[in-house]
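Peer 1: Have a look at this one.
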Amino acid sequence: MKTILVLLTVIVFTSCGRSQENKNEMTSENPYYSRTDTSKLAVSNEEWKKILPADLYHVAREAGTERAFTGEYYKHDAKGTYYCAVCGNKLFRSDAKFASSCGWPSFFETDRKGSVIYLDDYSHRMIRTEVKCGRCDSHLGHVFDDGPPPTHKRYCMNSVSLDFEVDE
Ligand code: FE
């Protein structure tokens, strides 16, 4: 009995100590989430729907857009790393984030080549480049050519699609 109590205490304390920013991993069982495994995922929307919170599912799997100026990270300037909220893939460093007036978190470069993929997007009577996670294929946002030097790119991302971990 005593052993069980000790074990339970350890489990409770371990879960409380996990990163608050890691919303997806915190709120549901997501067996695909990993910050170290970079292998491509092929998971159906049917499966993702069972795993992801509704707001994240809508943006990530139905190419939704969160309302401007409402996201958690558009004004966020702590030093750290941004990961895909769906699968944990490393996407951006805070050094590449800049204050954009567009109302969504904006970055001028990705963490590494291949961390995201690009698709032509002709929806809503616009010609845009959609940005998706290179690991799980989830919608993250769009990239535009009006960013700051050195890249002049503006990766305009949905906060809900991002997990943030502050630097130690
Ligand atoms: Fe992902």
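Peer 1: Just reorder H152, H76, H139, H124 by solvent-accessible area, largest first, 1.4 Å probe, all chains present.
Peer 2: On the way: H152 90, H76 45, H139 5, H124 145 Å².
Descending accessible area places them as H124, H152, H76, H139.
Peer 1: Taking all protein chains as present, what is the carbon and sulfur share of the accessible area of the range 39-128, in % to the nearest whole number, probe 1.4 Å?
Peer 2: Solvent-exposed carbon and sulfur of the range 39-128 make up 51 percent of the total.
Peer 1: Also, quick follow-up: A 25 angstrom limit on the alpha carbon distance is what I want to check against. Which of K79/K113; K79/K132; K40/K79; K97/K132 exceed it?
Peer 2: K40/K79
Peer 1: Can you give me the long-range amide H partners of G64? Hydrogens built in the peptide plane at 1.01 Å from N, cutoff under 5 Å, separation of 5 or more residues or another chain.
Peer 2: The list, which skips near neighbours in sequence, is V59.
Peer 1: Would you work out if the range 79-118 is rounded, prolate or oblate? Take a ≥ b ≥ c from the square roots of the eigenvalues of the alpha-carbon gyration tensor; rounded if a/c is under 1.5, else prolate when a/b is larger than b/c, oblate otherwise.
Peer 2: Prolate, since a/c reaches 1.5 and a/b exceeds b/c.
Peer 1: To continue, here is another question. Under the Karplus relation 6.51 cos²θ - 1.76 cosθ + 1.60, θ = phi - 60°, what is the ordered set of whole-Hz ³J(HN,Hα) values for the range 80-91, x standing for Gly and Pro?
Peer 2: x, 10, 9, 10, 5, 6, 7, 10, x, 4, 6, 10
Peer 1: Then there is this: Can you pull a Stokes-Einstein diffusion coefficient for the range 75-168 at 20 °C (1.002 mPa s), Rh from Kirkwood over Cα pairs, as a whole number of µm²/s?
Peer 2: 162 µm²/s
Peer 1: A follow-up question, please. From the square roots a ≥ b ≥ c of the eigenvalues of the alpha-carbon gyration tensor of the range 27-142, which class results: rounded (a/c under 1.5), prolate (a/b over b/c), or oblate?
Peer 2: Values: a/c = 1.40, a/b = 1.18, b/c = 1.18.
Rounded, because the longest to shortest axis ratio a/c is under 1.5.
Peer 1: Using a Förster distance of 41 angstrom, determine the FRET efficiency expected from the C-beta separation of Y32 and H124, and round it to 0.05. Let's see the in-between values first.
Peer 2: Values: r = 30 Å, r/R0 = 0.72.
Computed FRET efficiency for Y32 and H124 comes out at 0.90.
Peer 1: Moving to a separate point now. Amide H to amide H, which residues 5 or more places from F144 or on other chains are under 5 Å from it, using H placed in the peptide plane?
Peer 2: Distant-sequence amide H within range of F144: R154, Y155, C156.
Peer 1: Rounded to whole Å, give me the distance from the Cα center of the range 35-71 to that of the range 98-160.
Peer 2: With the range 35-71 and the range 98-160 each reduced to a Cα centre, they are spaced 16 Å.
Peer 1: In addition: From the backbone phi of the range 117-133, what are the Karplus-calculated ³J(HN,Hα) couplings (6.51 cos²θ - 1.76 cosθ + 1.60, θ = phi - 60°) in whole Hz, Gly and Pro given as x?
Peer 2: Taking θ as phi minus 60°, the curve returns 10, 10, 9, 5, 10, 9, 6, 6, 6, 10, 10, 9, 10, 7, 10, 10, 5 Hz for the range 117-133.
Peer 1: Given H placed on each backbone N at 1.01 Å, which residues far from G88 in sequence or on other chains put an amide H within less than 5 Å of it?
Peer 2: Amide H neighbours of G88, under 5 Å, 5+ apart: S34.
Peer 1: Scan the range 38-72 for trypsin sites (Lys or Arg not before Pro) in coil per DSSP, keeping those whose Cβ has at most 12 other Cβ atoms within 10 Å, and list them by number.
Peer 2: Those satisfying the criteria are K40, R67.
Peer 1: Before I look further, what does the range 100-157 give for accessible area per residue, probe 1.4 Å, in whole square angstrom?
Peer 2: Here the residues of the range 100-157 average 52 Å² of exposed surface.
The values are calculated or read from the model by the stated rules, or taken from the named source; none is laboratory data. It should be emphasised that the depicted structure is a prediction, and the values quoted were computed from it without experimental measurement. Here Cβ is always computed from backbone atoms with ideal geometry, including for glycine, and neighbour counts include all displayed protein chains. Note: accessible area is taken over every heavy atom of the protein model, side chains too, but ligands, DNA and RNA are not part of it. Shrake-Rupley method; radii C 1.70, N 1.55, O 1.52, S 1.80 Å.
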